[in-house]
Every structure is written in C-alpha cells, then in structure tokens.
1. Consider His795 carefully, then state whether it is part of a loop (DSSP other than H, G, I, E, B) and either touching a residue at least 12 places away in the same chain (Cβ under 8 Å) or on the phi > 0 side of the Ramachandran plot (or both).
2. What's the number of the only condition in (1) open to solvent by less than 30 Å² (accessible area, probe 1.4 Å); (2) touching a His at 6+ places or on another chain (Cβ under 6 Å); (3) at pLDDT below 85; (4) of a type outside the set (D, E, K, R) that Thr651 fails to meet?
3. Under 6 Å by Cβ, and 6 or more places apart or on different chains, what pairs join a residue from segment 574-591 that is without any contact (Cβ under 8 Å) to a residue 40 or more places away in the chain and over 26 Å from Ile553 (Cβ atoms) with one that is surrounded by 14 or more Cβ atoms within 10 Å (Cβ to Cβ) and among the small types (Gly, Ala, Ser)?
4. Take Ile601 and tell me if it is modelled with pLDDT of 90 or more, part of a strand (DSSP E or B) and within 23 Å of the chain's Cα centre (by Cα).
5. Can you tell which of Asp503, Asp527, Asp461 is farther than 22 Å from Arg202 by Cβ, of a type in the set (D, E, K, R) and assigned to a helix (DSSP H, G or I)?
6. Select from segment 297-330 the residues that are open to solvent by 10 Å² or more (accessible area, probe 1.4 Å), polar (S, T, N, Q) and outside any helix (DSSP H, G or I) and list them in ascending order.
7. Kindly evaluate Asp872 against the criterion of being part of a helix (DSSP H, G or I), of a type outside the set (A, V, I, L, M) and open to solvent by less than 70 Å² (accessible area, probe 1.4 Å).
8. Using the structure shown, decide if Gly486 is open to solvent by less than 20 Å² (accessible area, probe 1.4 Å), in a loop (DSSP other than H, G, I, E, B), at pLDDT below 95 and among the small types (Gly, Ala, Ser).
Amino acid sequence: MKPFHTMDVKEVCELLRTDPQKGLSSEEAKRRLGEYGPNEIPERKRRTILQMFLSQFTDFLIIILLVAAGISLFVGEGIDAILIMAIVVLNAVLGTVQEAKAEKALQLLKKMAAPSARVLRDGVIQTVSSREIVPGDIVILEAGNYVPADARVLESVNLSTNEAALTGESQPVEKATEPLSEPNLPLGDRVNMVFSGTIVSRGRGKAVVVATGGETEIGKIAKMLTEIEEEETPLQKNLEKLGKQIGLIILGICAIVFLVGILEGNPILDMFLTAVSLAVAAVPEGLPAVVTIVLALGTYNMAKRHVIIRRLQSVETLGSVNVICSDKTGTLTKNEMTVVRYYLHPNRWLNHQEITSIDDPVLKETLIGSALCNDAFLALKDGKKVTAGDPTEIALVVAAWEFGLKKEELDKEMPRIHEIPFDSDRKMMTTVHRKTKTVVSYTKGAPDVVLTRCKWYLSADGEIKEMTEQDRESILQANQKMAQEGLRVLAVAFKNVEEGMLDGLEEDLTFLGLVGMIDPPRPEVKDALEKCKTAGIKVIMITGDHKATAQTIAKEIGIMDEKGKVLTGSELLEMDVDDLAEVVEEVGVFARVSPSDKLKIVEALKKKGKIVAMTGDGVNDAPALKRADIGVAMGITGTDVAKDASDMVLTDDNFASIVAAVEEGRKIFDNIRKVVFYLLSCNISEVATIFISILLRLPLPLIPVQILWMNLVTDGLPALALGVEPAEPDVMRRPPRDPQEGIMSREVLRKIMIGGLIMSVLTIFVYSWALMEHDEIRLLRTMVFFALSTAQLLHSFNSKSLRHSLFKVGIRNNPKLILAAVVSFLMLLAVIYVPWLQDVFGTTTLKGHQLVISAVAAFMIVPLFELVKLFDRKKSR
C-alpha cells in the first residue's frame, strides 16, 4: 500500500471508509475499536523485585562464593559461612535497588498519549477518551491540543505542530493538505501528516486517523524499546571473565594440593579441609561488594558534576567510550532561535553581536517592524527573560529588545489596529499600526514571497528608492547565501497606509531588510569537543534539522572540517546496517534523521567495534539511547521517555558534563583495576603461603577464619580507599581503553603474581624463623597472620599506581587510604591482643621482638615492589 502522505485526501478517506464531513458512525467506531484495539501503547511483562533479586546470584564469582559458603557450613565453619553469605546478600540488595529504579520508559510513553480528543462522529463533534480513537476517525485539532494518533491532514488553517520530541527539529512544522510525491520522506518532511504525542502549536485543522496504538510512530518506538536486548556493560563482561578465571585457578590449585597431599600419604578428610582453606584464600570475597561500592561512590562524585547515573556499571563504561553521538538541538545548541545577521540593501551586511548602536535608520526600522509584526511575548521576571510564542518570533522580539526597542512599549506607541494572520499559502504576516499622525503596515515572511510584493526599498540615507530587477536579484542572492550558512531567513517590509484604506496592504511594499536566525551552539561546547579530541573520542552530530543548518553548526564548533561527510535520512533509507558500517567512520553529521535511523547509526558503529555514547532528549532518541553502550539523556529539556531509556542523565543539559563524566569513568576503571590488583595480590600471597607450606610439609600456617578476616577486613578497607584514589595526571590525554582489554590484562596479571609471591616469600621467611624459635602452632600462626596482614596493608600503597613510583605519586594525596590502613592495623592488633577475639580467630599475644621481626619482613614489600616498577619503566623506554 502507498504511504498515506502520498495519497490525496479523497483517496485516504475512501481507503479508510470514512466521511470527512460526518466522520464514522458510533456503531462503526465501536466495531473498529474491537478490531484494532484501544489507542494505547502495548506493554511487555515486567520483572518482579524477587526476579531482579534472584538474577543478582547468576554472576560466576557470586556462585563460587555460594559454593565456598556451602562447603564451609558442611565442614562446621559456621562463622565463615555467615560472613560469606552476608557479603553475597549485601551485593544482591545493592544491585536490586539500582535495577528497580529503571525500566519505566513504556509507562511514560503511555502517559504521553492525550487523555481526551475531539472527534467528528455521527456528524457531531464529540469529546472522547483518546484510547477510544480508531483509524478512520476525523479529529479536530486546535492550538494547545495533543495529537491523539497519527493522522492525515484534511483541513489546515495556519496549522503548525511542534514535533521536536519526535523528530528533534526545534521549529514548528507548518501543515498542508496536498499529497507529497516522495514515498520515503523523513517524518519531519511529511507536512500533510500529524503524529501521536506531538502538540498543535498554532492554528486549527481536521485530520483523519490512519494509525493508532502500537502502529503509530510513537508506538513503533515503544516496540523498538521492547525488542532491544539489554547488553552487558564492558565492566560486567570483565568481572564475569575475571570470576571465571579465578574459579578455574581455584579449582586447579585445590585439585593439585588435594592430589599431592594424598600421594604424600595424608588422610583424605584432612586434605579436603586443606583444599577448602585454599579455596577460601583464593576467592576474593570482598571484590563484588567493593566494586559495587566503588561504583556507587563514583555516582556520588558524578552527581556533583551534574550527572545522574541510573545504572552503576555505566560509570565504568564511560571510560572506554570512543564515539559520542550527540543530538544537535538543545544538546550542542541552546535550543533557542537567535538573530545573528542582517542584510540591508544595497549590499550591507551586519552581524548582530557586533552592532553597538542603532543609529542606522534602516536597521532600526527593520527591528521595529519585526517586533511589531509579531505575536510573541517577552517580559522580565526576577531579572530573567520570560518568553512565550513561536521560537522565530521570540528571536525577533529579543533582538529588538537588546537595542532598547521593547515590544511592550512599541505596542503602546504604535497600537495594532488591523492584521492579516500568517498562513502557509501566503507565507507571510501583516499588521497595521497607528502612529501619531499616520498609519503604517509591517509585513514579514519568506524572502522570495515578500520580494515579489516589494516595489521600493529603504536606502542607507533613509530615502525610499525604486527596486530594480537587479536589486531584487541581489537581495535573493543574499537570501540564498544566508540559507546556505544554515540560517532561517525572514524578510521585513513596510507600507505607509492611508487612514481607512485597508485594501492592498501586501502590495507595493518597501523592503527593509533580511533577518537571519539560527539556534546557536552552547558557548562551552567548543572546549568540551576539544577535550574529546585530545581524549581520542569522536563526536558525531545527529539531528532532525536540514543538512545546511547541521553542517554550519558542525563546522562552527569543530565537529567536522571541509572534508567531513554528511549523510541525510533519505540516504540512510537506501542503506542497511552493513552498508552504513562501511562508511560510518567517515561521517561527522547525520541530518533529517528518524528514530529508526538513529538506531541504525548506533548499530553500525557497534558493528565496527565502537563503544558508543548516545545523547538525546526526545522520544525519538529512546531506542538509540537504550541500544547504545551509554545512553545520555538531558535532564532539563529531556522527555521522561528519554530519561528512562538512558543510563545517565545530565542535570544541566550541558555537553561539557559528558566530558567530565568520561573523565570520571576513566578514573573509576583505573581505580577498579587498582582494587582488583590489590585484592588478588593479597589472595595470591595467601594461596602461595599455604601451598608452599604444604609442599614443605609444614603445618597449615593460617586457618580459614583468619583468611576471611584478611580478605574482608584487612584488605577490604584499603581496597575501598583505593576506589577513591585521585585521577592520574594523563587520564584525559590518552586514547580510550580498548574494550577488549579486560581489568586483568597480561601486564596486570604478571604484577599480581609478582606482588603476591613477594609477600608470600616474606611470610614464609617469618614462618621459618618462628619454627626455629617455637613449636606452638597457635603462636606460629599468629606471627604469620600478623606479618602477612601488615604486608598486605603496606602493599595497598604500592597499588596507588601500577607504573609510577609511590614516591612520585605521593602518599598524602589520598588521606582515606592512610586512614583505612591505620584503622585496619589497629583492628589487626585487637584481634591479636583482645582475649575474646583471640578465641574467635585462633590467635595469641605476640612479644616485642616477634612483632618487630614480622613488621620488618612485611615492610620489605614496599622497596621490593618499587624495584619491580623501576624495572618495568626501564624496559618500556
């Protein structure tokens, strides 16, 4: 079937079996409601809180912890089991709370539907619930109405609709009734159609409903949202991979120790308990909770930088973003039309910002005319400008106001006594005003139309001169030049009118000037884009605006240069995702795009292996926001639908805040890597100490409860403090991290093993010295426990940077780490010296020389690991 916008009115009504003068009968409307269903967006089944909670236990590392807790309980280690379960449940609760706040996009899409609408049924205008609207209904549209369904325009009297939420275009769209020839027009160019969820900004009209519910454009977006699969973030993938790696290592070590022990002739039960001890030592019990808390702290820091994070894992994903797809209107630009340029004949160009006074009589008359022939409103309230009306007219009133020509005062001095309203056929508007002794009319509108009505022009010396064909051609060329610069251009003219003579108001006019407007870039955007370039991030502009406008803004702010490629919505329709993926890396701007185009762009970029952030504020952005690795919604101008499909929301709608968020994301990834490095180094030191002891046929140097204490308390607090380590100086001067590069890169894994083995060797030295002095197992274990715990606390300072020297990075730039280490050390002393804690943890009091030997051995981790870093730095030069 042909698209409705290509059919004439009669053909549409015949196809839908409806009468444009009487509408449907009540019986037919009822029958169609049963056939097509209510005019509502269908909703998918949602997960319950319980389902969300249970889904938190599917992580591989969490499963390992649950198995460790089960085995601990089975062998009678109840305290171990309780501690592990507490950590697992805490992690699940944090994850559920975050998830429960999300997934409201469809609910809000439903709320956007108009609650009621006026329709023609049985030849009478009736008000019905919007859910009862059916295809074939004739709807009556007036200024301020929500459009209840997608419809073909039958009648238009100055009818304009604001479609920004659907198409991203900031200007109201004037509606017409004539059929259009091009079947694949973007939504914004289908001027004989109105769409569900948009608003009538001006005029009135009638339209026949062609689609309801899930078949409307907004309904199709809802379907897209339900069809888009939730993807794991790079961090989730990294942690899952890490969990599997740890799991395999644990199983391997436990199996080796178990077999070696049995071959050595040890009892099977003893070796099983030893293997369990090793498993407890190898699992970083605190890691899931610490990572979750580090991310939560990151979201707190983000909030201070005007960014609200809706999904915790998204914080880290920001750090690997290498493409930002940004909506133009309201994100890169101010979302307010602004006068920037004037053309006054002959050949006089003026830039609005450079004008210091309005001594020029032609400019002054142009500003007065554009302010009086105008229905917009401007006033000051608490020192701030308050405006209402059409964005273009507001821009004209503001321009005059900035030179002291206030519309309110002009209206009093020159009251309006007659008007010819704007309509889409004439493409102009005329108002008549009484001066002290004369009457004058002002006309503004499309330059090509207004010029055909002009016989004269006002010259620089204030004289009215006859307009020649050459003059007319020069003005049209000026209009073309401004349009090519992406400006919206209006012509202003006037006519001295005789009292009582209101005929021919739009004939024999005197041309005043051309006024060029644009939605200008935000002032901070240039710097933000420069930072993106330095950080290796490409920014792509995606907009519903025309190609010329988009290109002008893109060049002005530095998104693209002369060689940059622009693709339009029409060109995208001819391409599939694979075709687009071939050229997408060369494109700087996408213009005149629809919601499905935006989704296709994100898909193509992802196909090229990019980590994509998509910014947006309209309903049209929601599917792409959800499909992107990071969906960034605008908090002030953004629709609720966009916010709920996003991963993060900018509270100040400032593109620069995205750059701050990327910096925070990179810092957080670095810090998570430091946390993982620190915790796994400590775990390796525990595993190696036990493993070496078994190979040397020594008694077990640590019992499970001591290992758990080290993993959760001794290591836990410093790990949290490392999570808030300040960003390294080059964080925004390096390219985005390769998304394939996990937390555990080969280099990090090598350093984890080296750090763990150094601490293990130092601990075995203490164990060996203690064995020569004593044979009391409880004392031996206490010395090992103290030495290894102290070494781990000191190793947290090594973890401040995996490359730079501790003495270069400095100790004092993170006071939280110092505090964490001191508190953990005091708690360690309590476990050794408080009697009732000695019973729980199997420790005993250490004498002075025993403490000193253990502490000195532990301290050696700092200089020895400094040598490792020094060797690495020299090797990489």
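1. No.
2. Evaluating Thr651 over (1) open to solvent by less than 30 Å² (accessible area, probe 1.4 Å); (2) touching a His at 6+ places or on another chain (Cβ under 6 Å); (3) at pLDDT below 85; (4) of a type outside the set (D, E, K, R) leaves (1) as the failure.
3. Final answer for the pair search is Val577/Ala604.
4. Here the answer is no, as Ile601 does not meet what is asked.
5. On the way: Asp503 fails: assigned to a helix (DSSP H, G or I); Asp461 fails: assigned to a helix (DSSP H, G or I).
One residue alone meets the criteria, Asp527.
6. Matches in segment 297-330: Gln313, Asn322.
7. Numbers: part of a helix (DSSP H, G or I): yes; of a type outside the set (A, V, I, L, M): yes; open to solvent by less than 70 Å² (accessible area, probe 1.4 Å): yes.
It is true that Asp872 is part of a helix (DSSP H, G or I), of a type outside the set (A, V, I, L, M) and open to solvent by less than 70 Å² (accessible area, probe 1.4 Å).
8. Details: open to solvent by less than 20 Å² (accessible area, probe 1.4 Å): yes; in a loop (DSSP other than H, G, I, E, B): yes; at pLDDT below 95: yes; among the small types (Gly, Ala, Ser): yes.
Considered against the rule, which asks whether it is open to solvent by less than 20 Å² (accessible area, probe 1.4 Å), in a loop (DSSP other than H, G, I, E, B), at pLDDT below 95 and among the small types (Gly, Ala, Ser), Gly486 comes out as yes.
The values are calculated or read from the model by the stated rules, or taken from the named source; none is laboratory data. The model shown is predicted, which means the values in this text are computed figures rather than measured ones. Neighbour counts are summed over all protein chains in view; Cβ atoms, including those assigned to glycine, are modelled from backbone coordinates with ideal geometry. The protein model used for the area step is the full one, side chains on, heavy atoms only, and it has no ligands, DNA or RNA in it. Shrake-Rupley method; radii C 1.70, N 1.55, O 1.52, S 1.80 Å.
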